[in-house]
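The values are calculated or read from the model by the stated rules, or taken from the named source; none is laboratory data. It should be emphasised that the depicted structure is a prediction, and the values quoted were computed from it without experimental measurement. Cβ coordinates were reconstructed from backbone atoms using ideal geometry, including for glycine residues, and neighbour counts include every protein chain displayed.
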Amino acid sequence: MADPILIGGEWKAGRAGVVTSIYPADGTVSGEVEGASPEDVDLAVAAGARAAADPAWRDKPQHERATVLYRISDIIKERHEELAQLQRRDNGKPISETRALVASAAGTFRYFGAVCETAENELTPSRGPYLTMSTWEPCGVVAAITPWNSPIASDAQKLAPALAAGNAVVLKPATNTPLVALELGRICLEAGLPPGLISVLPGAGRTVGNALIQHPDVGMVSFTGGTSTGIAIAHMAADKMMPSVLELGGKSPTIVFDDADLDHAVNGVIFGIFSSAGQSCIAGSRLFVDRKIYDAFMDKLVAKTAALRVGDPAGEDTQIGPQISESHRESIEGYVARAREEGGTVLIGGERPTGGVYDQGFFYTPTIVGGLTNAATVCQEEIFGPVLCALPFDGEDDLIEQANESIYGLACGLWTRDYKRAWRVGRRVRAGTIWINTYKLFSISTPFAGHRMSGWGVEKGRLGMRNYMRQKSFYWGMNEGPIPWAD
């Protein structure tokens, strides 16, 4: 029997059939939950609107609201291993990665608790016989739509600032990975969050997601996922004049100059593309190497890639787990086949591993493709898998032209000992995050945003909470006499 879902703070059966979580390492069922229907969306939004308007939460002093977020953080820490194992089952990430994601979620709630506690309104400079003030108020009900690749961390990055801002949240997790989101909803209730402020509605985006975004009482949407879906959401939000934050796809360049520490660069490039089995929006999937060191660097890179440990996500030393599903693996295989058709050479990988656990799960070997130009399909389209395209470059102008020849602009990695060059090139590359002599590191205190087709709006950072609020201005008349115009 499928488990109930969280609708308006109550555990109820959904009305849209069963949603199944499949363990990608062996194809077994990790759990079954009820799917939400548009009618369930109506119930969740109505409950959220009531709870958000209730003075018990709306008028709670900020420092008291913060204590609820601190308690959520504490419970996540207390249940760290249990949650990490649940996410491993939900999406097949290695246990070492899911532990880090759980720790990230706990830190996110604590950080936005502190942001909530210390957030200030402003007295703005007066320009007449009046006092001016700017305040911030919650949007009401927030739709939070999260991806399958890092559920608990992505859920926290939306839930924590939205709740800190005083909103109710209806969380729609990816269809593949409903389990961790539901458990996070349970933790929110245990921590003392007023029940109507949290709903978790698993189900298909085209039904649950669309009903949620188009609902007249939803005041803001925050989405992380594919660019095509993000564009559709942007259109729906625009029809309502509703604010949105969209964190979308990427085809991020990672750049190795001839003066780089090659050992550091090799490890950084490998981590940037092959961690999370390549299923990451900020994966460094386009590698540009100075032609003077291209051959030597590629020899090191291929040799080190060959030693990566692909295997059971439960293994403590596993570096790369399976892909999320059989259909996703087939999509990756299609891209590699296209690369060969366009004249590329597979330097390593490009196949399914066989034998033992590999025959049951959705595994794919880490793959490096050379011999293509930046115009090739695999250099332009997001694969969302462990496939790296390697290209040489000649000088900074050639590099910048190639790096920026993409519809995306999410991230970039630079490997060089020359800090002036790092600054110069980093300023010219069109991307929201630039890593220098490192890659794929994140801090909840540092803003994160995409440029161009990688999205709009800014997540994380002290001002991240403001995404989930509306600004209001006050004018306090200080003139001694009546307004003279009417005389």
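Among the residues of region 271-306, those identified as of a type in the set (A, V, I, L, M) and either buried (at least 24 other Cβ atoms within 10 Å of the Cβ) or touching a helix residue (DSSP H, G or I) at 6+ places or on another chain (Cβ under 6 Å) (or both) are Ile273, Ala277, Ile282, Ala283, Leu287, Val289, Leu301. Residues of region 462-473 that are surrounded by 19 or more Cβ atoms within 10 Å (Cβ to Cβ) and of a type outside the set (Phe, Trp, Tyr): Gly464, Met465, Asn467, Met469. A single member of Gly413, Gly385 is buried (at least 24 other Cβ atoms within 10 Å of the Cβ), touching a residue at least 60 places away in the same chain (Cβ under 8 Å) and in a loop (DSSP other than H, G, I, E, B), and it is Gly385.
Just to be sure before I move on: is Ile407 assigned by TED's automatic domain parsing to the domain that holds Tyr294 and not in a helix (DSSP H, G or I) in the structure I sent? So Ile407 passes the test. Among the residues of region 74-120 satisfying the criterion of being within 21 Å of Pro178 (Cα to Cα) and among the hydroxyl-bearing types (Ser, Thr, Tyr), which is surrounded by the fewest Cβ atoms within 10 Å (Cβ to Cβ)? Going through the qualifying residues, I end up with Ser96. Taking (1) touching a helix residue (DSSP H, G or I) at 6+ places or on another chain (Cβ under 7 Å); (2) part of a loop (DSSP other than H, G, I, E, B) in turn, Trp136 satisfies each apart from (2). Checked against (1) in a loop (DSSP other than H, G, I, E, B); (2) buried (at least 16 other Cβ atoms within 10 Å of the Cβ); (3) not basic (Lys, Arg), Ala211 meets all criteria but (1). Taking first residues from region 221-243 that are surrounded by fewer than 17 Cβ atoms within 10 Å (Cβ to Cβ) and modelled with pLDDT of 95 or more and partners that are among the hydroxyl-bearing types (Ser, Thr, Tyr) and assigned to a helix (DSSP H, G or I), no Cβ contact under 7 Å between residues at least 6 apart in sequence or on separate chains turns up.
Of everything listed in (1) of a type outside the set (S, T, N, Q); (2) under 27 Å from Glu81 (Cα atoms); (3) in a helix (DSSP H, G or I), the single unmet condition for Gly361 is (3). I'm trying to understand the selection: among the residues of region 437-450, which are crowded, with 16+ Cβ neighbours inside 10 Å and either at positive phi or in contact with a helix residue (DSSP H, G or I) (Cβ under 7 Å, 6 or more places away or on another chain) (or both)? Result: Asn437, Tyr439, Lys440, Ile444.
Residues checked against (1) assigned to a strand (DSSP E or B); (2) in contact with a Phe, Trp or Tyr (Cβ under 7 Å, 6 or more places away or on another chain); (3) closer than 18 Å to Tyr111 by Cβ:
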| site | (1), (2), (3) |
| --- | --- |
| Ser30 | yes, yes, no |
| Val33 | yes, no, no |
| Glu39 | no, no, no |
| Asp42 | no, no, no |
| Val45 | no, no, no |
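Restricting attention to region 250-291, the residues that are assigned to a helix (DSSP H, G or I) and basic (Lys, Arg) total 1. Would a scan of region 121-131 turn up a residue that is hydrophobic (A, V, I, L, M, F, W, C) and out of contact with any Phe, Trp or Tyr (no Cβ under 7 Å at 6 or more places or on another chain)? Within region 121-131 (the criterion being hydrophobic (A, V, I, L, M, F, W, C) and out of contact with any Phe, Trp or Tyr (no Cβ under 7 Å at 6 or more places or on another chain)), the answer is yes, since at least one residue qualifies.
What residue, among those in region 48-63 that are part of a helix (DSSP H, G or I) and out of contact with any strand residue (DSSP E or B) (no Cβ under 8 Å at 6 or more places or on another chain), is nearest to His215 (Cα to Cα)? Across region 48-63, the extreme among qualifying residues is Arg50. Restricting attention to region 192-208, does a residue exist that is within 19 Å of the chain's Cα centre (by Cα), at positive phi and either in the same structural domain as Glu459 (by TED's automatic domain parsing) or of a type in the set (Lys, Arg) (or both)? Scanning region 192-208 turns up at least one residue that is within 19 Å of the chain's Cα centre (by Cα), at positive phi and either in the same structural domain as Glu459 (by TED's automatic domain parsing) or of a type in the set (Lys, Arg) (or both).
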